[in-house]
1. Below 8 Å, C-alpha to C-alpha, sequence gap of six or more: please give me the relative contact order for segment 72-142 in percent.
2. A 20 angstrom limit on the alpha carbon distance is what I want to check against. Which of LYS70/LYS104; LYS118/LYS139; LYS70/LYS118 exceed it?
Amino acid sequence: MGAFIKSAGGGSKSSRRAFAPIAEINVTPMVDVMLVLLVIFIITAPLLTTGVNVNLPQTSRAKSLTQDNKPLNLFVQKDGTFYLNGPETMVVLEDLRAKLAAMKKSNPDLNIYVRGDKDVPYGTMMTAMAEVQAAGFTKVAFVTEAPKKSMRSPR
């Protein structure tokens, strides 16, 4: 920072008060710094809020997840038949809850993926979900496929 000395006027340079210092603040560098800080804030603020704010419970006795824990797949065909983990294990609706409960009892951390045909009636899917929940499953996910992109752009 600097200050400049202004002539007091009168033309007499011999007097002690001929040149008096004038203290002024140069605001240009301060405005430049503020603009740079504003740009940095504008760029970094959206990056700081990319996560989802979730308050997770804390415990000292938590177990780590096993890596070889495969999820259970429940297939629902459009004719209303149910399969567990593949086409070789067909299950009737009356036995579905008991089989799912036995699997849940042997592995409490088991996840279940429900894969329903797109033409399955809504009531059949809700019946399947009711049986899954009645068996004690809380980690349930519906599996879908991503839409296929066509070569032509939509109009």
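1. Values: 95 pairs, mean separation 27.0, N = 71.
Reported as a whole number, the value is 38 percent.
2. On the way: LYS70/LYS104 13 Å; LYS118/LYS139 22 Å; LYS70/LYS118 24 Å.
Where the Cα-Cα span goes over 20 Å, the pairs concerned are LYS118/LYS139; LYS70/LYS118.
Readers should treat all values here as calculations from the given coordinates under stated rules, not as data from a laboratory. Here the structure is a predicted model, which is why all the values come from computation and not from measurement.
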